[in-house]
Amino acid sequence: MGAVELFIINHYQWAYLILFVGMFLDSEAFFLTAAIFALQGYLDWPWLASIALVGVLLGDIVFYYLGRYFQTTRFANWLHGKFNSYGLWLDKNFLPRYAKMAFYSKFIYYVNRITPFIAGWHKMEFKRFLKIHFYADIFWLIIMLLAANLLRFVLDIVGAHWVLKRMEFIFPALVLVFFLGEYIVKKLFTKKISKTLLKP
C-alpha cells in the first residue's frame, strides 16, 4: 500500500480539504487524482464533485476581485504600460466574447486565471460574471467527471493496485503533463494575439 493511499484511508477528511485548495492551483490534476481514489471507494463522489465545483467557482471569484482591486493600484499603471497593445485586442475580441471565452478558458491554466481577472479589471457586473462562470464551472465539472470515468478503463488495464501504490509519483507526473500542455496552449494563444495585433 502506497503512502498516499494510506493517508487517504486514515485521513479522508483532509483529502477533501486538499482537493478544495487544489482547485486554486491545478484543478484538473487534483480532481483526477482524487477521482482515482473515488473510483476505488475511498472518497465519496457527491462530496468530490461538490467540493470541486465550489472550489473552482470561488477561485474565479477571487481572481475577479483581484482584478477589481489591482485596477486602482500603481500596479495598473505598470500593467497598462507593458500590455497596452494587448488592451486593444481585449476590447475588440475578448470582452465581447467573454461568455464563450470563460467556457474555453476552464481548461487552459494561463487563460483560466486571467479571464476572471480581466472581468474584474474591466468592472464587469458581478451578477453577469457569476452567472457565466457558474455555468462554465458546471461544464468543466461534467467534462472532468467524464474524464474520470475514462480513468476507470485505464485502471482496469494497468491495475488499480499498481497505480495507487505509486501515487506519490503519478500525481507530480499529472501536474507536469497538464502544465506542459497548458503552457503550449498559452504560447499558441499569445502568438495568435500577436498576429492579430500585427494585422493592418
Discussion item. Cβ neighbours within 10 Å, averaged per peptide: list 136-144, 119-127 in order, most packed at the top.
Written reply: 136-144, 119-127
Worksheet item: Using 7 Å Cα-to-Cβ label points, what is the VAL154/LEU17 separation (nm, one decimal)?
Response: 2.8
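Mind ordering 97-108, 27-38 by average Cβ neighbours within 10 Å, highest first? Could you put the intermediate results ahead of the total?
Details: 97-108: 17.9, 27-38: 22.7.
Peptide ranking by packing, descending: 27-38, 97-108.
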Worksheet item: So, counting K/R as plus one and D/E as minus one, what does the shell of residues with Cβ under 12 Å around TYR135 add up to?
Response: +2
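A short reminder: the numbers here are calculations on the coordinates, not readings from a lab. On a predicted model such as this, the values are computed, not experimentally measured, just so you know. Neighbour counts run over all protein chains shown; Cβ positions are idealised from the backbone, glycine included.
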